[in-house]
Amino acid sequence: MEDMFDILGCFAAMMGYNPSIDGFPRVRFRNGITTESDLFLIKEDAFEGPIATKEQYENCECSFAHLTRDGRVMRFCKQIGTIDDLFIWYPLQLKDAS
């Protein structure tokens, strides 16, 4: 399966597709799950979609996890949390307004 994502990523790069993570909200887990890289919610429909690092998204790699429509956070077919376990924000929301 990972080979398929590599092939699709190479094909997209050849066609000039250059995805950008800008504009997607950032995500942190409140239930103890940590990652070395920042995570982003790649919103497909309201609050549903892949939760991925910038590198995973830009290289068309498999995402870290997926937020489902019913609010579960799934990773490799295993539930690792719910939407209540996530802190979701846009970077501009945390800037000082003064």
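Miscellaneous remarks
- Exposure proxy order (Cβ contacts within 10 Å, fewest to most) of Thr34, Thr82: Thr34, Thr82
- In terms of surrounding Cβ atoms within a 10 Å radius of their Cβ, Asp70, Asp38, Asp85 rank from fewest to most as Asp70, Asp38, Asp85.
- Of Ile51, Ile42, the sequence from fewest to most neighbouring Cβ atoms within 10 angstrom is Ile42, Ile51.
- Full extension of the segment from Arg69 to Glu55, taken as 0.36 nm per residue of separation minus the current Cα-Cα distance, would add 2.6 nm.
- Förster-model FRET efficiency, 22 Å R0, Gln79 and Arg28, C-beta, rounded to 0.05: 0.75
We did not get these values from a lab; they are worked out from the coordinates using the rules stated. Predicted model only: the values in this text are computed from it and were never measured. Virtual Cβ from ideal backbone geometry, glycine too; neighbours counted across all protein chains shown.
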